[in-house]
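First comes the structure, then the notes that go with it.
What follows is calculated from the coordinates using simple rules that are stated; it is not laboratory data. Being a predicted model, the structure only gives us computed values, none of them experimental. Reconstructed Cβ throughout: ideal geometry from the backbone, glycine too, with neighbour counts over all protein chains shown.
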Amino acid sequence: MGEVNIRKKIGFIVNPIAGMGGRVGLKGTDGYETLKRAIELGAKPIAPEKAKSFLKHLKSLNVSFELISYPKSMGEYEAIEAGFNPIVIGEIGDLTTAEDTIKAAKIMRDLGVNLIVFCGGDGTARDICNAIDLSVPVIGIPAGVKMYSSVFAVNVEDAAKVVSEFLIHGLPVKHAEVMDVDEDAFRCNRLSIKLYGYLLVPYIPGYIQGVKSPTMPIDSELDNQKAIAKYVLESMDPNALYILGPGTTVKAITDLLGLEKTLLGVDLMVNFKLLAKDVSEKDIIEVLDSGRFSRAYIIVSPIGGQGFIFGRGNQQISSEVIKRVGVNNIIIVATKSKISSLSKLHVDTGDDEIDAKLRGYRRVIIDYMEEKILRVV
């Protein structure tokens, strides 16, 4: 792949706390108190490792450019560890805030960067949008919990490919939606999504994720969910542990049993009864490692419009959980209307080995005794 003019400049911003609330079951990390709670629960930084992985992929593509980063954990440290010598701008304190992200994006815009790459989630995308609107193209490295916006690459490797192609050959840019969830409502089992604006994103089909589309509570959709739930229940092993992912289609299974599953969390079920509700990664692993169950299954439904079965909104079901359960003990459910808009499914657990094992063709239950084969990429 050829070299580009050294004058091409990339602005690089990392939100170091993005995604920390996911595995511990907090469904986000907005606000100091939530971050404090996440740390108390044992949360570890997610974004810095994703940022370094992105930069290493980009470095392997042999593209020449100037890398302009914000200080310390907001880009500088990650760039240096990945083998870059960034131009560092601005100042930050010990605790990073949304204002730091906004200020970083504004300075980079004023310096004339060709592209801003940010590592974070929907909240970070909102901050970037507030700072620069449509003045500079951007691309997001997915590192948050939900990531319902369409400004993110599918994964870090795809992000690197898009940036490389943008710098070398130029790419068309499209208006991409910036969405975000009311996290307080989200933690109370209510999904309130709002469109906050648009950002310009370099576009290669299949490399940039779509915006999340909601499930419509119409009669045909609800009947389809009930049929799927009936089929799943009839094939369940009463002695096995079932890890139930978020969403209305999975919740339909417990609804048929008269159980109160959390809509947006991960629950555990045994012998048609709930064992635990709204669990964290640690909770799940403790049950799996207890030796109480000889077999376990994961039941998940892809995110509408995006197709992710792991890595978006269900980080509690981490790669460590999947290793213990086994990639062959995953049950995927989706209504016909949801699956009709998806040509493939995605995984982004952050573990390359597990992602590779999950890829390939998998069965998706789409109705009573009816399945469809889809490719996971």
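What Kirkwood radius, in Å to one decimal, follows from the Cα pairs of the range 253-306?
Values: mean 1/r = 0.0802 Å⁻¹.
Kirkwood radius, the range 253-306: 12.5 Å.
Return the calculated 222 nm mean residue ellipticity for the chain, to the nearest 500 deg cm²/dmol, obtained by summing -39500 (n - 2.57) across DSSP H runs with n ≥ 4 and dividing by the residue count.
Working: 13 runs with 123 residues, N = 377.
Computed ellipticity for the chain at 222 nm equals -9500 deg cm²/dmol.
Can you give me the distance in nm between label points at residue 175 and residue 369, each placed 7 Å from the Cα along the Cα-to-Cβ direction?
Label-label distance for residue 175 and residue 369, simple model: 4.9 nm.
DSSP loop (so not H, G, I, E, B), at most 15 other Cβ within 10 Å: list which GluC sites (Glu not before Pro) in the range 299-377 pass both filters. Please report the intermediate quantities before stating the final value.
Details: sites: 320, 353, 370, 371; in loops: none.
When the GluC sites (Glu not before Pro) of the range 299-377 are filtered for loop state and at most 15 Cβ neighbours within 10 Å, nothing remains.
Using the Karplus curve 6.51 cos²θ - 1.76 cosθ + 1.60 with θ = phi - 60°, what ³J(HN,Hα) values do you get for each residue of the range 368-377, in whole Hz, with x for Gly and Pro?
5, 6, 9, 10, 9, 8, 10, 8, 9, 10
Between residue 230 and residue 110, what is the label-to-label distance in nm when each label sits 7 Å out along the Cα-to-Cβ direction?
6.4
Quick one: which residues, 5+ away or cross-chain, put their amide H under 5 Å from the amide H of residue 75? H built at 1.01 Å from N.
Excluding prolines and chain starts, which carry no amide H, the hits are 14.
Relative contact order (percent) for the chain, with alpha-carbon contacts under 8 angstrom and 6 or more residues of separation?
Numbers: 849 pairs, mean separation 54.1, N = 377.
With pairs under 8 Å counted, the relative contact order is 14 percent.
Taking the range 89-170, which GluC sites (Glu not before Pro) meet the DSSP loop condition and have no more than 15 other C-beta atoms within 10 Å? Don't skip to the end; give the middle numbers.
Values: sites: 91, 99, 157, 165; in loops: 91.
Of the GluC sites (Glu not before Pro), the ones in loops of the range 89-170 whose Cβ has at most 15 other Cβ atoms within 10 Å are 91.
If only Cα atoms are counted, what is the Rg of the range 70-211, and what is its Dmax, in Å?
Using the Cα atoms of the range 70-211, the pair Rg, Dmax is 14.9, 46 Å.
If we sort 136-143, 166-173 on the protection proxy, mean other Cβ atoms within 10 Å, highest first, what's the order?
My ranking of the peptides, most packed first, is 136-143, 166-173.
Pick from 308, 293, 12 the residue whose mean-square fluctuation is largest in a GNM of the chain, springs joining Cα atoms under 10 Å.
293
Tell me which residues come under 5 Å, amide H to amide H, from residue 152 once H is placed; ignore anything under 5 positions away on its chain.
140, 209
Evaluate E = 1/(1 + (r/R0)^6) for residue 61 and residue 255, where r is the Cβ-Cβ distance and R0 equals 41 Å; express this FRET efficiency to the nearest 0.05. Before the final figure, lay out the partial values.
On the way: r = 48 Å, r/R0 = 1.17.
E(calc), rounded to 0.05, equals 0.30.
In Å, what Kirkwood hydrodynamic radius results for the chain from the alpha-carbon pair distances?
On the way: mean 1/r = 0.0473 Å⁻¹.
In the chain this quantity evaluates to 21.1 Å.
Would you please give the residues with an amide H less than 5 Å from that of residue 180, counting only those at least 5 places away or on a separate chain, with H modeled from the backbone geometry?
194, 196
Just need the relative contact order of the range 219-376 here, percent rounded to a whole number, with Cα pairs under 8 Å and 6+ apart.
Details: 301 pairs, mean separation 36.4, N = 158.
Reported relative contact order: 23 percent.
Once you have the Cα-Cα distance between residue 329 and residue 271, take 0.36 nm times their residue separation minus that, and quote the gain in nm to one decimal.
Between residue 329 and residue 271, full extension yields 19.2 nm more.
Would you please report the Å³ per residue occupied by the convex hull of the alpha carbon atoms in the range 219-376? Show your work: numbers first, answer last.
Details: hull volume 15.5 nm³, N = 158.
Hull volume normalised by residue count: 98 Å³.
Calculate, for residue 237 and residue 97, the FRET efficiency according to 1/(1 + (r/R0)^6) with r their C-beta to C-beta distance and R0 41 Å; round to the nearest 0.05. Please report the intermediate quantities before stating the final value.
Values: r = 48 Å, r/R0 = 1.18.
Result of the calculation: an efficiency of 0.25.
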